[in-house]
Amino acid sequence: MLDPMPIYRLGERVPRIDSSAFVHPDAVIIGDVTIGAESSIWPGAVLRGDYGSIVVGDRTSVQDGTVVHATAELATLIGSNCVIGHVAHLEGCFISDHVLVGSGSVLLHRVKVWPHAIVGANAVVTNDTEIPSFAMALGVPVKVLENRVPEGAIQPAVELYVRNGIRYRNELERIG
C-alpha cells in the first residue's frame, strides 16, 4: 500500500483531486489546486496554490520535478490532454488543451499557449508571450515558429501518460 500523498489545506484553500487522477506519493499538492480526471502528477512535482488558483484539466500529466505556482492576481491554468515535461516551471500562465510543454521549460506571467502548440525543452517563455495554435516555441528567449505542429502530434504522449497513471495507481507499491 502506498503512503498517503502530501496534500495540504492552507487555510480556506483546499485541493480538489478527481478520484481517477494519479498523484504520486512524492508529489506535493498545496492549497487551491484542482486536478482533473485521469490526470497524473509525478514524483517531485510541486503544485502550490497558496496565493492563487492552479487548475489541471483532464488527462494531463505534470511530470517529475515540475513546479506550478500562481500569484494572487494570476491563476495558472493547464488544459486537458496536455503533457508538462520534467522539471518545467509554470507560473501565472494559461495553457490550452492539447499542448506539450517540454522538459526544463519556463513559462512566466500572462503567457498564453493555444491548442496543439509545443513549447520545446528548456525554452524560456517570457511574460505576455502568446504561442499560436500548431506553433513550436523554441529557445531562450523563445522564438515562435508557426504552423510546425501536425494535428494529433501530442496525443500519443497524452495516451501514454494516462495509461501510466492507471498502471501506477494499480501497481505501485512501496517496499522499503
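Quick notes
- Residues that are under 24 Å from ALA135 (Cα atoms) number at least 1 in the following strands (runs of 3 or more DSSP E) confined to the range 1-120: 46-56, 67-69, 76-78, 89-91.
- Per this entry, ARG169 is counted among residues that are of a type in the set (Lys, Arg), closer than 18 Å to ALA37 by Cα, surrounded by fewer than 21 Cβ atoms within 10 Å (Cβ to Cβ) and out of contact with any His (no Cβ under 9 Å at 6 or more places or on another chain).
- GLY85 closer than 19 Å to ASN122 by Cβ, over 10 Å from the mean Cα position of the chain (by Cα) and at pLDDT 95 or above: no
- GLU151 over 20 Å from SER105 (Cα atoms), in contact with a Leu (Cβ under 8 Å, 6 or more places away or on another chain) and at pLDDT below 95: no
- In the set (1) small (Gly, Ala, Ser); (2) under 28 Å from ASN127 (Cβ atoms); (3) touching a residue at least 40 places away in the same chain (Cβ under 8 Å), the condition left unmet by ALA45 is number (3).
- Residue that is surrounded by the most Cβ atoms within 10 Å (Cβ to Cβ), among those in the range 54-106 that are within 19 Å of GLY31 (Cβ to Cβ) and of a type in the set (S, T, N, Q): THR60
- Residue check, ASP32 in contact (Cβ under 8 Å) with a residue 12 or more places away in the chain, of a type in the set (Asp, Glu) and touching a His at 6+ places or on another chain (Cβ under 8 Å): no
- Test: residue in the range 136-150 that is under 28 Å from GLU38 (Cβ atoms), exposed (fewer than 15 other Cβ atoms within 10 Å of the Cβ) and either out of contact with any strand residue (DSSP E or B) (no Cβ under 6 Å at 6 or more places or on another chain) or free of Cβ contacts under 8 Å to residues at least 12 places away in the same chain (or both): yes
The values are calculated or read from the model by the stated rules, or taken from the named source; none is laboratory data. Just so you know, these numbers come straight off a predicted model, no measurement behind them. Every residue, glycine as well, gets a Cβ built from its backbone with ideal geometry; the counts of neighbours run over all protein chains shown.
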